[in-house]
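The block underneath contains the structure these notes are about, expressed in structure tokens.
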Amino acid sequence: MDKKECHEKSSSSDEELWRRVYRELSPVSQMCGSILHFFDEDDETEAEALWFTAFPKYQPSGEDIPSVSEQQESSEGQESGDICSEENQIVSSYAAKLGSEVEQDYTNHQFLGPEGNVDVELIDKSTNTYSLRFPTAGWYLWSATGLGFVVRDAVTVTIAFGSWSQHLALDLQHHEQWLAAGPLFAVTAEPEEAVAEIHLPHFISLQGEVDVSWFLVAHFKDEGMVLEQPSRVEPFYAVLDNPSFSLMGILLRIARGTRLSIPITSNTLLYFHPHPEDIKFHLYLVPSDALLTKMIDDEEERFCGVRLQTSPPVEPLTFGAHYIVSNSAHLEIIPTELKLSYRSPGEIQPFSKFYAGQMKEPIQLEITEKRHEILVWKTVVKPVDIQLGAAPSPPAFSGAAFVRENHRQLQARIGDLKGVLDDLQDNEVLSENEKELVEQAKTRQSKTDALLSMVEKKGDRALELLFRSLSERDPYLVSYLRQQSL
């Protein structure tokens, strides 16, 4: 962490070609798990926090929740099945070229593009507005937010961020109900017709009872909210062809009174606040929204919080379910119970807090689903993980290390397994017999596990080639996993 003055109280894709390229880039498709209930029958207060009814001028208010804010010190009171998609995906030569020849960048202010990285310029800090110019036709992805574009020609784009609570009201009596399912973006493009597709991120896991017909794109305009059906829905994003631009984001529309389990991809964020006598930790359980993670990172940094690298839950969790936070050291956690809900980036985010003294022994942290007592996430924090003072410079990125560290995540989520196997055989990482051994495994997950174990035994060069293949065939997956570790 750079030296700085801290607050006194320490507490963050021709058009058809592009469409084929984007379809053929294997999306993240193995994010699934045991699903519980949308919300408890007797939990009307929390139900109100989950549902929004259009009424642009309403500003909801809520009870105080622990947050990273000036009130931090006083707010004491707060891992698999498959998505079941076995589609045979063929990566086009252009998609492969995009993944292998472009240096992938995961910084916050660059788009990944067909000819390299495109810088994003902050043009208005007060409104958090950014501008950039895509220089040529192609597919562009801002991995820090999950926002993507397919453009036909050069185009200038401006992007700002909005808050759902400023445009939708809490009103359960309204005939229609919506569930906010991703961030809001205010987008303009010049010329507008140069944009063939916009890809809007969402955190809904496409499994179980989830129906893609529930997905809507909400446009907020002068005349109010206008709803539009997306052209298609993929894991992690929904697509609008030939879009018109506005303040817009993804909503789920579910019939009033319907009791469904809504599975979402989620993330755990763990921060420590250095202190010579009593190290403090903050643990967040939030939907997998890259922009939300960035906002929490920024706010924690204001109070000298340092994020520890942890993996997200492997299985999707249930929106609205309650989760219990515990630790092996019997340290007091406030609160011990978190509800998985969505608050727009920039709003107060709930977290659990605990103190660990001088941190002389490892601490195991766990998150358990309350109703069925299912362990969904755990990690171990060791004293060596805690660095007082300036944080060390991050090490050079290693694809081999990435594969090792994300073994469980990749085991559950690799989509284009056949393509990866072909790549590894072409690069002489796997022999024909080894490839057949992997293919003979009974389930997708056992095939993936056999592949990962086999490649790991062959050393770093084999792992680097595996990482290259994954980057070409599952760019959204690689981007997602790297965002979790930043």
Can you tell me which residue among Leu285, Leu292 is assigned by TED's automatic domain parsing to the domain that holds Thr368, at pLDDT below 90 and not in a loop (DSSP other than H, G, I, E, B)?
Leu292
Per the filter on segment 218-245, residues among the hydroxyl-bearing types (Ser, Thr, Tyr) and surrounded by fewer than 21 Cβ atoms within 10 Å (Cβ to Cβ) are Ser231, Ser244
Within the group Ile333, Ile348, which residue is surrounded by fewer than 18 Cβ atoms within 10 Å (Cβ to Cβ) and not small (Gly, Ala, Ser)?
Ile348
Return the residues of segment 246-262 that are at pLDDT below 90, surrounded by 18 or more Cβ atoms within 10 Å (Cβ to Cβ) and not in a loop (DSSP other than H, G, I, E, B); say none if nothing qualifies.
Leu252
Go through (1) in a helix (DSSP H, G or I); (2) farther than 20 Å from Leu365 by Cβ one by one and return the number of the condition Pro276 breaks.
(1)
Can Leu365 be described as out of contact with any helix residue (DSSP H, G or I) (no Cβ under 9 Å at 6 or more places or on another chain) and hydrophobic (A, V, I, L, M, F, W, C)?
yes
Give the number of residues within segment 105-140 that are modelled with pLDDT under 75, polar (S, T, N, Q) and buried (at least 17 other Cβ atoms within 10 Å of the Cβ).
1
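The values are calculated or read from the model by the stated rules, or taken from the named source; none is laboratory data. Bear in mind that the values here come from a model prediction, so they are computed numbers and not experimental data. Virtual Cβ from ideal backbone geometry, glycine too; neighbours counted across all protein chains shown.
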